[in-house]
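The values are calculated or read from the model by the stated rules, or taken from the named source; none is laboratory data. Quick caveat: nothing in here was measured; it's all calculated off a predicted structure. When we count neighbours, we look across all protein chains shown, and the Cβ atoms used for this are built from the backbone with ideal geometry, even at glycine.
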Amino acid sequence: MTALLTIIVLIFITVAIWQMVKIFDLANANNENTQVANDKDNRINGYLMMVFLAFIYIITIVCFVKWGDLPLMSNAASEHGVKVDNLMIISMSLIFFVQTITQFLLHYFAFKYKGEKGRKALFYADNDKLEFIWTIIPTITLAGLIIYGLFTWNEIMNVSEEDDPLVIELYAQQFNWKARYAGTDNTLGMANVRLIDINRANILGVDESDPNAQDDIITTEVHLPVGKLVLFKMRSQDVLHSAYMPHFRAQMNCVPGMITQFGFTPTVTTAEMRQTPEMIDKVANINRIRIENSKALVEKGEEPLEPYEFDYLLLCNKICGKSHYNMQMKIIVETQEEYDAWIKEQKLFKNSLVQN
Amino acid sequence: MSEHADTHAHDDCGHHHKETFVTKYIFSQDHKMIAKQYLITGTIMGVIGVIMSLMIRMQIAWPEEPNVIFEALLGKWAPDGVMDADIYLALVTIHGTIMVFFVLTAGLSGTFSNLLIPLQIGARDMASGLLNMISYWMFFLSSVVMIISLFVEAGPASAGWTIYPPLSALPLAQAGSGMGMTLWLVSMAIFIASSLLASLNYIVTIINLRTKGMSMTRLPLTIWAFLVTAIIGVVSFPVLLSAALLLIMDRSFGTSFFLSDIFIQGEVLHYQGGSPVLFEHLFWFLGHPEVYIVILPAMGIVSEVIATNSRKPIFGYRAMIAAILAIAFLSTIVWGHHMFVSGMNPFLGSVFTFTTLLIAIPSAIKAFNWITTIWKGNIQFNPAMLFSIGLVSTFISGGLTGIILGDSALDINVHDTYFVVAHFHLVMGISALYGMFAGIYHWYPKMFKRMLNKNLGYVHFWITAICAYGVFFPMHFIGMAGLPRRYYTNSNFPLFDDLSDVNVIITIFALIGGVAQLVFLWNFFYSIFYGKKTVQNPWKSTTLEWTAPIKHIHGNWEGEIPHVHRWAYDYSKPGHDEDFVPQNVPLKEGEEELQH
């Protein structure tokens, strides 16, 4: 049905274009049409330049109003996330300032100086001073941005084991995630894909003889205590994946054959995040859409969609194969007590193995 | 008498040999014919690439819904009109490959370098016509192999146009990594060879075959852009070739350059000690300069078209050259900004942030210089001029967001989201396409001796311009909402449900924009046969190609090649009656040549 509608729309558009051209051609019928722009073309296109400028501004405003709640520029749920957001807001403001001015100059000049027969353009080939100005201003601005950015970057990346983080391994495979907690010793046991033994349910290839591995805990959900620095160690068993946690402003690729890492401190629990006014609005809006979509599904005799409840997510953000689009894991940020209670319930690695 | 001497001189050059259909239209060594061959091959590849992009958009907007277009075009890969997830990735991959390499590298550079280098520097032909012909036919061959790969049983390459291993190396990881990927690699290897032959030819021709008086600082900016593009190509394409060859070895001969510690489908593979990150380095060592290989020729074309149609000299000629050179140099030391979150050492990330943001400076110079060129001009809105202004506009819009992506701290969060897709489509995709359109509208009379219909050109531009912004402007916002690219459907993430209406709007703009290209195609092919006949210098331009006769002859000029007496931008120069002074007109008594 959609396809049919699409085709019909396309046909209409084609006809419309054809008509437009006919009108243009008829309007020119009396002229000696050399296919080179004449004064009339210059006038029309000059005005269209201003219309187009308006279009650029309008689409900018519409985008901001409609989709500009920018979940990635507010509501950061991690400590460094706030700094990233600040940098983002500064960069964005700068960009929109420059964009607004330069697009105006470009299109306004195009309109203002539209050609007329007999007028002569200004022979103006060079001005060292002007060029110096627009070399030096971007240089200074960018120097500021670079320095700010580099400080932020170094802060984010400089997480090490010395800061006593909670160490968790993120393990990627086509097409799901596992997490491995380091247990009471907070040290992950050695692991290699060559040690994978499906029959013994050693699915991450953890070294069974490593004393550090005995108290490791493998889970299919990530639970994080709020306010505690966590250091993720990423591994992949097959192809490249990328552990993307947008709400925490965190991302790192998982590379077969090496261990990568990313650390951050979550600052907002899942429960708190669900209660923020922005999130309540967002979830309500999504559920409105889902109810709407469910109607169509029910008509087709299918199950309606389940209502949506907010959760932090870990997404795969590096193309990894057929089901790349559905490779996710839930992240739950909770209080220390809730976390302790949850981790106590999980099976230790040494107890999770199937004995032959 | 003198006329006779001219003809004689011409005969001496040996340009009057008999031509057969084959030597004239197929295995031609004439640069003008080769340019047309590149253009038409590029256009056909472009049509395929654009159709793929429209299918991608329809899938994103209406996921899992039966679509008769899918059923018709994809056959067994869209049972009952529902697109398969594997083929979605294949479409994404091949769309990217075709557009970047086959359309915007070969189609753009190949066409206009070939057409303009000899004509604008005053040469009879390329330094080596034979090499030129071989380079085109290798490009043709690589296109054919790429098209054949679409019909492979298990599907074409589908690891993304960046073909990161291990996904691209292991048929176990993905159906498309079998024969499809092999053909992709073979096609690209041939393509790279073709591109290297062509680039070397361009460089040699520009350095050696300039006519009398054509000093480097009198060259039109198009030629500067083509020269620098060719140099970047020669420097960086071989690295991609080596990456492709090493990948072929990993795939077929059991080496471990890029692979290590892999467990897939229940078995451990023997690979040990390689690193996918190495591949990323090699790939992006070409991959990033490639962006400039694509955009620099477009910028050169646009500089030329803006000056001609503003009837003003290009503002800051030397600064423009300096900016091209600076961009070219910087382009080879910024590749790591594609790899901030690859697991590369964070210190390297800092270095690449620094070099990357520096590129904004020469880019800003270029944008400001174009705007100043328009200022107080007498702008002739020919379709080529519209597309040139369009390029400046999209280059600014798309380029500015590069400040965010080049900043490692910010890239963490928008890396591989639709924000990136929007950024590079605007700044190199649409911009380069506009440059290509500007070139086609501007030099069509030179290529085909006839004019394109200008009204169709206006319709083509305005619909395209509106749709380009309509597609890619909102796309930044879904990127900033965290939506990853290359997802077959977003329906598994209720989190993104509120973005589905944006995706529908984007797709509608894309479909309208796609259909608008039919206007161009019709205009293009119709005008080859029935377009209005052109005069020798329709745009009243100063450069040498317009001093050559309309009729294509071997050797370009009857008789002697014109000598050059001034730079390429004497538009509206005081003291002249006409508002342009061609480069071959000697300076008047007491007239000063502008030394800028």
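Does B:Met45 satisfy being touching a residue at least 24 places away in the same chain (Cβ under 8 Å) and within 14 Å of chain A (Cβ to nearest Cβ)?
So B:Met45 does not fit the description; no.
May I ask you to verify whether B:Ile505 is under 30 Å from A:Asn75 (Cα atoms) and either in contact (Cβ under 8 Å) with a residue 60 or more places away in the chain or out of contact with any Phe, Trp or Tyr (no Cβ under 7 Å at 6 or more places or on another chain) (or both)?
Answer is yes for this residue.
What is the number of the single condition among (1) more than 21 Å from B:Ala85 (Cβ to Cβ); (2) at pLDDT below 95 that B:Ile478 does not meet?
Result: B:Ile478 passes all but (1).
Could you please give the count of residues in the stretch B:342-366 that are buried (at least 22 other Cβ atoms within 10 Å of the Cβ), more than 7 Å from chain A (Cβ to nearest Cβ) and of a type in the set (Ser, Thr, Tyr)?
Final tally of qualifying residues: 2.
Please work out if B:Met339 is surrounded by 24 or more Cβ atoms within 10 Å (Cβ to Cβ) and facing another protein chain (nearest Cβ under 9 Å).
It is false that B:Met339 is surrounded by 24 or more Cβ atoms within 10 Å (Cβ to Cβ) and facing another protein chain (nearest Cβ under 9 Å).
Check whether at least one residue in the stretch A:288-309 is buried (at least 21 other Cβ atoms within 10 Å of the Cβ) and not small (Gly, Ala, Ser), and report yes or no.
no
If you check B:Ile121 against the conditions, is it surrounded by fewer than 21 Cβ atoms within 10 Å (Cβ to Cβ) and away from every other protein chain (no Cβ under 14 Å)?
Against the criterion (surrounded by fewer than 21 Cβ atoms within 10 Å (Cβ to Cβ) and away from every other protein chain (no Cβ under 14 Å)), B:Ile121 does not qualify.
In the stretch B:403-430, which residues are over 22 Å from the mean Cα position of the chain (by Cα), of a type outside the set (Val, Ile, Thr) and assigned to a helix (DSSP H, G or I)?
B:Ser408, B:Ala409, B:Leu410, B:Asp411, B:Asn413
Is it the case that B:Leu433 is without any contact (Cβ under 8 Å) to a residue 60 or more places away in the chain, in a helix (DSSP H, G or I) and more than 10 Å from chain A (Cβ to nearest Cβ)?
When the stated conditions are applied, B:Leu433 does not pass them.
Within the stretch B:503-522, is even one residue within 17 Å of B:Leu119 (Cα to Cα) and hydroxyl-bearing (Ser, Thr, Tyr)?
no
Output the residue which, of all residues in the stretch B:259-288 that are within 9 Å of chain A (Cβ to nearest Cβ), surrounded by fewer than 22 Cβ atoms within 10 Å (Cβ to Cβ) and of a type in the set (Gly, Ala, Ser), is nearest to the chain's Cα centre (by Cα).
B:Ser275
Quick check: anything in the stretch A:101-124 at pLDDT below 90 and of a type in the set (S, T, N, Q)?
Within the stretch A:101-124, not a single residue is at pLDDT below 90 and of a type in the set (S, T, N, Q).
From the list B:Phe112, B:Phe70, B:Phe101, pick out the single residue that is within 11 Å of another protein chain (Cβ to nearest Cβ) and either in contact (Cβ under 8 Å) with a residue 40 or more places away in the chain or touching a helix residue (DSSP H, G or I) at 6+ places or on another chain (Cβ under 8 Å) (or both).
The conditions single out B:Phe70.
For the stretch B:124-173, name all the residues that are acidic (Asp, Glu) and either at the interface with chain A (Cβ under 10 Å from one of its Cβ atoms) or farther than 22 Å from A:Lys322 by Cα (or both).
B:Asp125
Give the stretch A:310-348 a look and list any residue that's of a type in the set (Lys, Arg) and either surrounded by 19 or more Cβ atoms within 10 Å (Cβ to Cβ) or closer than 30 Å to B:Trp77 by Cβ (or both), or say none.
Scanning the stretch A:310-348 gives A:Lys318, A:Lys322.
Run A:His107 past the list (1) surrounded by fewer than 19 Cβ atoms within 10 Å (Cβ to Cβ); (2) in contact (Cβ under 8 Å) with a residue 24 or more places away in the chain and report the number of the one that doesn't hold.
Failed condition: (1).
Working carefully through the options A:Gln237, A:Gln275, find the one that is of a type outside the set (Ser, Thr, Tyr), at the interface with another protein chain (Cβ under 10 Å from one of its Cβ atoms) and more than 20 Å from the chain's Cα centre (by Cα).
None of the others qualify; the one that does is A:Gln237.
Go over the candidates B:Ser397, B:Ser388 one by one and state the one that is out of contact with any His (no Cβ under 8 Å at 6 or more places or on another chain) and over 26 Å from A:Trp67 (Cα atoms).
Going through B:Ser397, B:Ser388 in turn, just one is out of contact with any His (no Cβ under 8 Å at 6 or more places or on another chain) and over 26 Å from A:Trp67 (Cα atoms): B:Ser388.
Of these, A:Lys66, A:Lys129, A:Lys114, A:Lys83, which one is more than 7 Å from every other protein chain (Cβ to nearest Cβ), closer than 18 Å to B:Trp375 by Cα and charged (D, E, K, R)?
Being more than 7 Å from every other protein chain (Cβ to nearest Cβ), closer than 18 Å to B:Trp375 by Cα and charged (D, E, K, R) holds for just one of A:Lys66, A:Lys129, A:Lys114, A:Lys83, which is A:Lys129.
Please indicate, with yes or no, whether at least one residue in the stretch B:220-228 is buried (at least 24 other Cβ atoms within 10 Å of the Cβ) and under 25 Å from B:Ala175 (Cβ atoms).
Looking for residues that are buried (at least 24 other Cβ atoms within 10 Å of the Cβ) and under 25 Å from B:Ala175 (Cβ atoms), one finds none in the stretch B:220-228, hence no.
If I filter the stretch B:396-413 down to residues being touching a residue at least 60 places away in the same chain (Cβ under 8 Å) and more than 7 Å from chain A (Cβ to nearest Cβ), which single residue comes out as farthest from B:Phe354 (Cα to Cα)?
By that ranking, first place goes to B:Gly398.
Out of B:Leu170, B:Leu185, which single residue is touching a strand residue (DSSP E or B) at 6+ places or on another chain (Cβ under 9 Å), closer than 19 Å to B:Gly254 by Cα and touching a residue at least 12 places away in the same chain (Cβ under 8 Å)?
Within the list B:Leu170, B:Leu185, the selection yields B:Leu170.
Would you say B:Ile371 is within 7 Å of another protein chain (Cβ to nearest Cβ) and under 24 Å from the mean Cα position of the chain (by Cα)?
yes
Quick one: is B:Val564 aliphatic (A, V, I, L, M), in a loop (DSSP other than H, G, I, E, B) and over 25 Å from the mean Cα position of the chain (by Cα)?
Here the answer is yes, as B:Val564 does meet what is asked.
B:Pro549: within 10 Å of chain A (Cβ to nearest Cβ) and at pLDDT 90 or above, yes or no?
Taking the combined requirement at face value, the residue does not satisfy it.
Residues to consider are B:Leu587, B:Leu518; find the one that is out of contact with any helix residue (DSSP H, G or I) (no Cβ under 6 Å at 6 or more places or on another chain), among the hydrophobic types (A, V, I, L, M, F, W, C) and free of Cβ contacts under 8 Å to residues at least 12 places away in the same chain.
B:Leu518
One line per residue, one yes/no per condition, for (1) within 30 Å of A:Tyr325 (Cα to Cα); (2) in contact with a strand residue (DSSP E or B) (Cβ under 7 Å, 6 or more places away or on another chain); (3) surrounded by 24 or more Cβ atoms within 10 Å (Cβ to Cβ); (4) free of Cβ contacts under 8 Å to residues at least 40 places away in the same chain:
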site	(1), (2), (3), (4)
B:Tyr418	yes, no, yes, no
B:Phe424	yes, no, no, no
B:Met428	yes, no, yes, no
B:Ala438	no, no, yes, no
B:His460	no, no, yes, no
